[in-house]
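*Asks:* Before anything else, here's the structure in question.
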Amino acid sequence: MQVEIGKTLGCALDEKGFVWVWGNNTEGELGLGDKINRDLPAPVLQLKGRNITKVACGGKSVICLG
């Protein structure tokens, strides 16, 4: 598992390749299709089935590499 923490959000890549995000989402920075802040990790279902190998967080952004 890989975990990254940004200024106002976090992301994780689990052993099965699922991307999880949490934190501030007032501008849609979590990539979940809404603007709801998350206190608990939520899966990014739009990335299901993609070959994600690394995640990283910036100040207000998440990037996934595959």
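*Asks:* Limited to the stretch 4-41, what total is found for residues that are without any contact (Cβ under 8 Å) to a residue 24 or more places away in the chain, surrounded by fewer than 16 Cβ atoms within 10 Å (Cβ to Cβ) and hydrophobic (A, V, I, L, M, F, W, C)?
*Replies:* Of the residues in the stretch 4-41, 2 are without any contact (Cβ under 8 Å) to a residue 24 or more places away in the chain, surrounded by fewer than 16 Cβ atoms within 10 Å (Cβ to Cβ) and hydrophobic (A, V, I, L, M, F, W, C).
*Asks:* Take the stretch 54-66 and flag every residue that is without any contact (Cβ under 8 Å) to a residue 24 or more places away in the chain and of a type outside the set (A, V, I, L, M).
*Replies:* G66
*Asks:* Right, another one. Count, please, the residues in the stretch 1-53 that happen to be at pLDDT below 95, within 16 Å of L65 (Cα to Cα) and small (G, A, S).
*Replies:* 3
*Asks:* Counting residues that are of a type in the set (V, I, T), at negative phi and over 8 Å from the mean Cα position of the chain (by Cα), which strands (runs of 3 or more DSSP E) fully inside the chain reach at least 1?
*Replies:* 2-5
The values are calculated or read from the model by the stated rules, or taken from the named source; none is laboratory data. Values in this document were obtained by computation on a predicted structure and should not be read as measured data. Counting neighbours? That spans all protein chains shown, and the Cβs are built from the backbone with ideal geometry, glycine included.
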